[in-house]
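Just below is one structure, and these are the notes that go with it.
The values are calculated or read from the model by the stated rules, or taken from the named source; none is laboratory data. Remember, it's a predicted structure, so these values are computed and weren't measured experimentally. So basically every Cβ, Gly included, is an ideal-geometry build from the backbone, and we count neighbours across all protein chains shown. Each accessible area value is taken on the protein alone, full model and side chains, heavy atoms only, with ligands, DNA and RNA left out. Shrake-Rupley method; radii C 1.70, N 1.55, O 1.52, S 1.80 Å.
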Amino acid sequence: PGALFRSLDSSGTGRLSASDLNEMALAFWPQLTHPELAALFHTICRNGTGSIEPGEFCAALGFDDRTTLATMTSMRSLSSLDQMLQAACDRIRNAIVEAGVDVAEV
């Protein structure tokens, strides 16, 4: 996930903007609407900084050992987006695992 995160970080700041996340999300799930993309961003950006840090990104994809059941439950709690967003996260996670990326890179 670290290599993916860095490739998405268009500004090189070590954080993902909403635009960075939208680009990735639309590549995996092109029918996401603007409100759905905004909800996805705010769900992943848990600390309220307005940008996604590497730990938040990894936690959203299920690659963070510090992720608790409560965190995963809250990630999946957006009822209208639940299946669609989880499918997108699962596709991203599977692509990372299939590529054989070392999770410790983060």
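The single condition among (1) closer than 14 Å to A88 by Cβ; (2) open to solvent by 60 Å² or more (accessible area, probe 1.4 Å) that I44 does not meet is (2). Selection of segment 79-106 for residues being of a type in the set (A, V, I, L, M), modelled with pLDDT of 65 or more and not in a helix (DSSP H, G or I) yields only A99. List the residue pairs whose Cβ atoms are under 8 Å apart, where the first residue sits in segment 29-57 and is under 21 Å from G2 (Cβ atoms) and of a type in the set (F, W, Y), the second is open to solvent by 30 Å² or more (accessible area, probe 1.4 Å) and not in a loop (DSSP other than H, G, I, E, B), and the two are 6 or more positions apart or on different chains. Listed pairs, sorted by first residue: F41/A18; F41/N22. Just one of the numbered conditions (1) open to solvent by less than 30 Å² (accessible area, probe 1.4 Å); (2) touching a residue at least 60 places away in the same chain (Cβ under 8 Å) is not true of A3: (1).
Per the conditions (1) under 11 Å from the mean Cα position of the chain (by Cα); (2) under 24 Å from V97 (Cα atoms); (3) not aliphatic (A, V, I, L, M), the sole criterion not satisfied by R15 is (1). State whether the residues of segment 51-67 include one that is modelled with pLDDT under 75, part of a loop (DSSP other than H, G, I, E, B) and of a type in the set (G, A, S). Among the residues of segment 51-67, at least one is modelled with pLDDT under 75, part of a loop (DSSP other than H, G, I, E, B) and of a type in the set (G, A, S), which makes the answer yes.
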